[in-house]
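The values are calculated or read from the model by the stated rules, or taken from the named source; none is laboratory data. Predicted, not measured: the structure shown is a model, and the values here were computed from it. Methodologically, a virtual Cβ is constructed for each residue, glycine included, from the backbone with ideal geometry; neighbour enumeration extends over all protein chains shown. Only protein heavy atoms, including side chains, enter the accessible area calculation; ligands, DNA and RNA are left aside. Shrake-Rupley method; radii C 1.70, N 1.55, O 1.52, S 1.80 Å.
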Amino acid sequence: MKHIFLFIVLLISTLTYSQEIYNSESFRVTLEDIQARTFKKDSTANALVLYEQGNSFVDKNDYDLRTEVKRKLKILNQEGFDHATVTLYLYKGDNSEVKVKDLVATTYNEVSGKVIKSKLLDKNIFREKYDEDYTLVKFTLPNIKEGSVITYSYTRISPFMFKYRGWDFQSDIPKLYSEYKTSIPANWLYNIKLVGEKKLTVNTSEVKKKCLEMSNGASADCSENVYAMKDVPAFIEEDYMTTRSNYLARIEYELKTFKGMDGSIKNYTKTWKDVDKEFKTDKEVGRQLRKKVELEDHISVDIINEINALKKAKSIYTYIQNNYTWNGDYDIFDDVSIKNLVKNKSGNVSSINILLHNILNEAGIKVTPVLVSTRDNGFPTTIYPVISDFNYLIVQAIINENTYLLDATDKNLSFGEIPFRCLNGQGRLMDFKNGSEWIDLKPPKVSNTQYMASLSFDANQNIIGKVKSKSTGYASLRKRKSYYSNSNNYIEELENINPNIEINDFEVTSSDKTDPNFLESYNVEYIADNTGDNIYINPFFIVYYSNNPFKLQERTYPIDFGYTKSFLYILTMDVGDNYDIVETPKNAIFALPNKEGLINLSSKVVGSKINIILKFNFKLPLYHQEYYPYLKAYVSKIIEIQNNSLILLKKK
């Protein structure tokens, strides 16, 4: 009986120990919080936010902005120990700075059935200068172990009401519950933006009368809001995305208007009409765009007198490309000088593309500057003007009713191409006559990759053949940049990704590094797997995917390829009279939902020849995250076809 009783006690203890009963409803730490050791919704998680809350309001006495923060985390394993170190970035201005007070942090562990609390000591809270604008407050919670629960809370005091505190609902670890409360006086009007694809679980608002009263008797009502999200997955970066700031679930504030208690009104957010006027008269970019240029100082008389507008524009573009070098600087609103560019033959993005704009304009080509935010910089705000969102400038040219986007900073670009870094949604066309507007930056054409391969047996029964390839669009650009920067390395990498072939007589037959088509050809010797009288050949020695880039359990942001693309592989193999064709790859069709992508594999035997065609495409430049599991399966199918399709030949 004693043994049975002991077994039952141990069984109950084990079940209780392994349960995931987390308290995500409050800051209070429960025994279940400490005892749990796993998070089944995300087995890869090393730590987990159980509960967090922010509360921002204006202090009634000091009239500063205060944000109270409470956070409770679970440390699941040693890899999660880093989350026990917390760093706060405190902004400082010329005469004032953000401060932190009432910082309390505690670690909770279970030892021999008892809950042990370890409090953070004041001496272990460190403060240091980060840069000219920020001071750091940093601390590490004590006595961290696998299974620890940590809590910390503090109050952030800011004199900068124009920088109302935003809130991140998502981070690089999962969160069970994240809540943000705000109280905003009615005289402070903010543009409020919810970023990311996650929806709010809680979104309530009410008005509190006379929440703020001044010494002169004036008062303001407050808008009190509660925003919350539950079960927020970790944000993990993966291939085919723009910067994480585009997708991280959060709420942001930008001051629009301040209404003083004395009746004064100050507008901080302008209209695009205001921005257009300021941009046109700007001392840096605007002034440079208005500068006249002498065509004879830059281009030949033959180009000046060229009647064909497109040919003239291409010649001017090539001149800028070949004679001026981009210094890598993205800071488009500072140090913009055509004079210095011409003198030094090197300059930033604005200088190069403004010179391109001005020469084209002087030559009679209709051109307009376009402000762009690059993929690494984030999407520009579209609901109201935020000029600081932009970090790049390109040129739009309209020639014979056709529209071209131009950027002369990259010596490998073809006329009408912009760098991949610029494929980031929309750009702002700064038309000074008709007013600015948003334009689409998506490439108008599909980027194609095509291979035609032919194999046969030579007199010594070695498998030899020839491969011809044509790439267009961004597939061509990628290859051009790689080949013309280091041709030997390009060929070596080509051999490395094709272990079954040896390459010789490699040749590029396209005209130059700006040719929109990249044409290459080479001879191959195929190393087959021989087993007695049988030969096994993998017909897909051109590998598109060596592994699946989609590995997450769940992806909370879109899959952004930047452009549409297609792939075509055609193999013809003549086995001659010495072999019988025993087996070929089976025909297969596999499609994405709504036919936004299609894989088609077909093989056919005609006499002694095998004809195999594999084609697949991605019809959208950007897929919503709902497509993620289908894209993962789609790419897996491509890899399966490439790796597991065999031709079996038997010697006669």
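Considering all projection directions equally, how large on average is the shadow of the alpha-carbon convex hull of region 136-184, in square nanometres?
The orientation-averaged projected area of the Cα hull of region 136-184 comes to 5.3 nm².
Using every alpha carbon pair in region 472-543, what percent of pairs falls into each 5 Å bin from 0 up to the bin containing the largest distance?
3, 15, 22, 21, 16, 10, 6, 4, 3, 1
When ranked by the protection proxy of mean other Cβ atoms within 10 Å per residue, highest first, what sequence do the peptides 504-510, 362-368 form?
Sorting 504-510, 362-368 by mean packing, highest first, produces 362-368, 504-510.
Of K652, K259, K266, K72, which has the most accessible area with a 1.4 Å probe, and how do the rest follow in descending order?
Greatest to least solvent exposure: K652, K266, K259, K72.
Where in region 613-652 is the amide nitrogen less than 15 Å from a point lying 7 Å along the Cα-to-Cβ axis of T531?
Label zone hits: 644-651.
Just how large is the dipole of the chain about the Cα centre, in debye to the nearest 20, putting +1 at every Lys and Arg Cβ and -1 at every Asp and Glu Cβ?
The dipole magnitude comes to about 1460 debye.
Counting only protein chains, not ligands or nucleic acids, how are M261, M452 ordered by accessible area (probe 1.4 Å), most first?
From most accessible down to least: M452, M261.
Rounded to whole Å and sorted largest first, what semi-axes of the equivalent ellipsoid does the C-alpha gyration tensor of region 36-158 yield via the square root of 5 times each eigenvalue?
Rounded to whole Å, the semi-axes are 30, 15, 14.
What distance in nm lies between label points placed 7 Å from Cα along the C-beta direction at K270 and L121?
The two pseudo-label positions are separated by 5.5 nm.
Report Rg(Cα)/(2.2 N^0.38 Å) for region 202-336, keeping two decimals.
Its radius of gyration relative to the 2.2 N^0.38 Å reference: 1.86.
Hey, what's region 242-314 come to in accessible area per residue, 1.4 Å probe, Å²?
63
Over 46 Å apart: what share of the alpha carbon pairs of the chain falls there, rounded to a whole percent?
Above the 46 Å cut-off, the chain has 39 percent of its Cα pairs.
Taking a ≥ b ≥ c as the square roots of the eigenvalues of the Cα gyration tensor of region 591-652, is the shape rounded (a/c under 1.5), prolate (a/b larger than b/c) or oblate?
Taking the square roots of the gyration eigenvalues as a ≥ b ≥ c, region 591-652 is prolate.
Given the whole protein assembly as supplied and a 1.4 Å probe, what does the accessible area of E132 come to in Å², nearest 10?
140
Can you compute the equivalent ellipsoid semi-axes for region 244-318, i.e. the square root of 5 times each eigenvalue of the Cα gyration tensor, sorted largest first and rounded to whole Å?
Computed over region 244-318, the values are 46, 20, 10 Å.
Among 391-399, 626-634, how do they line up by average Cβ neighbours within 10 Å per residue, starting with the highest?
391-399, 626-634
I need the Debye-formula profile for region 387-455: one equal scatterer per C-alpha, no solvent, reported as log10 I(q)/I(0) at q = 0.14 1/Å, two decimals.
These q points yield log10 I(q)/I(0) values of -0.53.
Could you tell me which of I116, T106, F139 has its Cα farthest along the dipole of region 98-146 towards the positive end, charges placed at Cβ (Lys, Arg +1; Asp, Glu -1), taken about the Cα centre?
Toward the positive end, the furthest listed residue is I116.
With r as the distance between the Cβ atoms of N587 and D64 and R0 = 51 Å, compute the FRET efficiency 1/(1 + (r/R0)^6) and round to 0.05.
It comes out at approximately 0.10.
With 17 Å as the cut-off, how large is the P(r) tail for region 312-366, expressed as percent of Cα-Cα pairs?
Counting every Cα pair in region 312-366, those more than 17 Å apart make up 32 percent.
Using the alpha carbon gyration tensor of region 142-273, what are the three equivalent-ellipsoid semi-axes (square root of 5 times each eigenvalue), largest first, in whole Å?
Here the semi-axes work out to 33, 21, 14 Å.
Could you point to the residue in A528, Y627, L598 farthest towards the positive end of the chain's charge dipole, with +1 and -1 charges on the Cβ of Lys/Arg and Asp/Glu respectively?
Value: Y627.
Which one, F279, Y247, I299, projects farthest toward the positive side of the charge dipole computed for region 236-334 from Cβ point charges (K/R +1, D/E -1)?
The listed residue farthest towards the positive side: F279.
Name the cysteines of the chain that stand alone by the Cβ rule: no other cysteine Cβ under 4.7 angstrom.
C422
Could you work out Rg/(2.2 N^0.38 Å) for region 420-551, with Rg from alpha carbons only?
That works out to 1.45 for region 420-551.
Tell me, what is the FRET efficiency for R244 and T201 to the nearest 0.05, using R0 = 22 angstrom and their Cβ-Cβ distance as r?
So, using R0 = 22 Å, E works out to roughly 0.50.
Suppose we look only past 20 Å in the calculated P(r) of region 419-485. What percent of the Cα-Cα pairs does that tail hold?
57
With all distinct Cα pairs included, what does the Kirkwood hydrodynamic radius of region 486-634 come out to in Å, to one decimal, could you say?
When all Cα pairs of region 486-634 are included, the Kirkwood radius is 18.4 Å.
With no solvent and one point per C-alpha, what does the Debye sum give as log10 I(q)/I(0) for region 342-464 at q = 0.09, 0.14, 0.21 Å⁻¹?
The calculated log intensity ratios at q = 0.09, 0.14, 0.21 Å⁻¹ are -0.35, -0.65, -1.32.
For region 502-578, divide the Cα radius of gyration by the Kirkwood radius and give the resulting Rg/Rh value with two decimals.
1.08
May I ask you to derive the relative contact order of the chain, considering only C-alpha pairs under 8 Å and at least 6 residues apart, and to give it as an integer percent?
Relative contact order of the chain: 8 percent.
Report the Stokes-Einstein translational diffusion coefficient (µm² s⁻¹, integer) for region 449-492, Rh taken as the Kirkwood radius over Cα pairs, at 25 °C with viscosity 0.890 mPa s.
199
Against the 2.2 N^0.38 Å scaling, with N counting residues, where does region 529-574 land? I'd like the Cα-based Rg ratio to two decimal places.
1.87
Please report the carbon-and-sulfur percent of the accessible area for the chain; probe 1.4 Å, protein heavy atoms only, DNA, RNA and ligands left out.
The computed percentage sits at 48.
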